[in-house]
Amino acid sequence: MLAVAVVLPAAVMAGPDNTASVQFGNPTVGSPGPVGPGIELHDASANAQFNLVPRTAVVGAGGTVTFTIGVAGATGTNIVPHQVSVCNLGVGPDDVVDSNLATIPIDDSDCTPAAAPFSSGSGHPVSVLFPQPGRYLVICNLRPHFTEFNMYGWVNVN
């Protein structure tokens, strides 16, 4: 018996123009499952819609990463909204503190939203410039996506 494996890269390196791309949510994988009333977009385990693919991107100082917010799933045109937020150097997932639990967006001064709240739309791009070397935590700034589904990734800037 011959087994075939598909290996996905753990990180995507910068292209020749010092850019990288990360997909925020990947609703076209997995089996359909309900997200909420009238929305059935991704597998019921939330592995598709609440992931960054790849989880780590690498660019040089002064490079740009374009985060693409979801694409319409095979079972519908609704897209679960996300908000790209980049945290300061040295901030890890356990360091993110939400000081205002009355709002859906996370209110942490160490993590700055890169776009308007609830960015959505098929293939909506959010580009972020990374001028300083280091490792940056990138989160979905919508509380349940980050706190319940661990929706975060990294940008390593050389």
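The values are calculated or read from the model by the stated rules, or taken from the named source; none is laboratory data. All values derive from a computational prediction rather than experimental measurement. We place every Cβ from the backbone using ideal geometry, glycine too, and count neighbours over all the protein chains shown. Heavy atoms of the whole protein, side chains included, go into the accessibility calculation; ligands, DNA and RNA do not. Shrake-Rupley method; radii C 1.70, N 1.55, O 1.52, S 1.80 Å.
Scanning region 81-100 for residues that are out of contact with any helix residue (DSSP H, G or I) (no Cβ under 8 Å at 6 or more places or on another chain), hydrophobic (A, V, I, L, M, F, W, C) and either free of Cβ contacts under 8 Å to residues at least 40 places away in the same chain or not in a strand (DSSP E or B) (or both) yields 89, 91, 97.
Taking region 137-153, which residues are outside any loop (DSSP other than H, G, I, E, B), open to solvent by less than 40 Å² (accessible area, probe 1.4 Å) and closer than 13 Å to residue 23 by Cα?
Scanning region 137-153 gives 138, 139, 140, 153.
Residues of region 58-74 include at least one that is over 13 Å from residue 128 (Cβ atoms), touching a Pro at 6+ places or on another chain (Cβ under 9 Å) and modelled with pLDDT of 90 or more.
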